[in-house]
Amino acid sequence: MKELVHERLLELQDGQGTPFRRVLVYAERQPAGLWVAWVEFVSASGDRVVQTGRETTQSTLRGVTYWATGLQPTYFEGALDRALRHTAQARAAARPAAPVARPDRGGMVSFRIRSSDPRMAFRVMATHTLVPGLRRAVHHAGSFIYVRTVEPALTEMPRIYEFLAHFRSENAAAVLASCLESDLLETGAILEIRGTEVPIEGAAIRDALLGGSAIRPSPKKPR
């Protein structure tokens, strides 16, 4: 399981001028007991995350933390270049192995939650650490993917939390819907799926998810 050991705010840009402002250093323990660490960069808009390969190996988690806190801004400039190359290579390598999407196999459906609760996205993602692109697997039925948080223009307005729902069957959509219902019930949150407000009720959420996908609901049996 990866551990967030260091976070820093910097003003960095890639070759196209895209600004990156959040730098996250993660570490993960290996079977032999050593800790490897890498660096992730989050764009200023929060919609892009790139990460390096292994940047260091340390004998303890404390050693990784000590290493990370001593890094200079010039180090992160070079690390951003490595992260951009590493992410592009990883995507290119994964592309041939990816299964060909079929129209009847579901896909991604966007949804958003309006809420004044600053912990709402953490609740939906069942995590204490939130990074764009983070995925929450739900009972082997599918997953929720966190996209970003849109801060309100006025303090009295709710935040907008944007997500993707990934599922490949009608039953999987029902499981995700039940999970969302449980997370949002009695919170006062407003759920929108593909731009349409949906009641916080399992069947309604399931139908809205299916309506935004290529999966057609099974015909209801006559009573």
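The values are calculated or read from the model by the stated rules, or taken from the named source; none is laboratory data. Treat the numbers as computed from the prediction; the structure is a model and nothing was measured. All Cβ positions, glycine included, derive from the backbone under ideal geometry; neighbour counts span all protein chains shown. All accessible areas refer to the heavy atoms of the entire protein, side chains included, with ligands and DNA or RNA removed. Shrake-Rupley method; radii C 1.70, N 1.55, O 1.52, S 1.80 Å.
Odds and ends about this structure:
- The set of residues in region 125-136 being touching a residue at least 12 places away in the same chain (Cβ under 8 Å), open to solvent by less than 50 Å² (accessible area, probe 1.4 Å), over 10 Å from D183 (Cβ atoms) and not basic (K, R) consists of L130, V131, P132, L134.
- Identity of the residue in region 85-109, open to solvent by 40 Å² or more (accessible area, probe 1.4 Å) and in contact with a strand residue (DSSP E or B) (Cβ under 7 Å, 6 or more places away or on another chain), that ends up modelled with the lowest pLDDT: A101
- Counted residues, region 1-20 - those being without any contact (Cβ under 8 Å) to a residue 24 or more places away in the chain and either within 21 Å of W67 (Cα to Cα) or in a strand (DSSP E or B) (or both): 4
- Top-ranked residue of region 63-84 - restricted to ones that are among the hydroxyl-bearing types (S, T, Y) and open to solvent by 70 Å² or more (accessible area, probe 1.4 Å), ranked as farthest from L12 (Cα to Cα): Y66
- Residues in region 192-208 that are outside any helix (DSSP H, G or I) and either in contact with a Leu (Cβ under 6 Å, 6 or more places away or on another chain) or open to solvent by 50 Å² or more (accessible area, probe 1.4 Å) (or both): R194, G195, T196, E197, V198, P199, I200, E201.
- Residue tally, condition in contact with a strand residue (DSSP E or B) (Cβ under 6 Å, 6 or more places away or on another chain) and either more than 14 Å from D47 (Cα to Cα) or part of a helix (DSSP H, G or I) (or both), over region 161-174: 5
- Only residues that are modelled with pLDDT under 90 and at positive phi were counted in region 172-213, giving 2.
- All positions within region 53-77 that are more than 25 Å from the chain's Cα centre (by Cα), of a type in the set (G, A, S) and not in a loop (DSSP other than H, G, I, E, B): G63
- Filter result for the condition that a residue is assigned to a strand (DSSP E or B) and open to solvent by 10 Å² or more (accessible area, probe 1.4 Å), over V50, V42, V23, V36: V36
- Of all residues in region 136-151, those satisfying the criterion of being closer than 20 Å to V42 by Cα and in contact with a Ser or Thr (Cβ under 9 Å, 6 or more places away or on another chain) are R136, Y146, V147, R148.
- Filter result for E186 (within 15 Å of the chain's Cα centre (by Cα) and of a type outside the set (V, I, T)): no
- Only one of the listed residues (R135, R123, R216, R112) is modelled with pLDDT under 90 and closer than 30 Å to F20 by Cβ. That residue is R135.
- Single residue of region 1-20 satisfying the filter (under 21 Å from the mean Cα position of the chain (by Cα) and under 19 Å from D47 (Cβ atoms)) that is least open to solvent (accessible area, probe 1.4 Å): F20
- Within region 167-185, being open to solvent by 20 Å² or more (accessible area, probe 1.4 Å) and either of a type in the set (F, W, Y) or without any contact (Cβ under 8 Å) to a residue 12 or more places away in the chain (or both) holds for one residue alone: S182.
- Residues within region 137-159 that are under 20 Å from the mean Cα position of the chain (by Cα) and either open to solvent by 40 Å² or more (accessible area, probe 1.4 Å) or among the aliphatic types (A, V, I, L, M) (or both), tallied: 12
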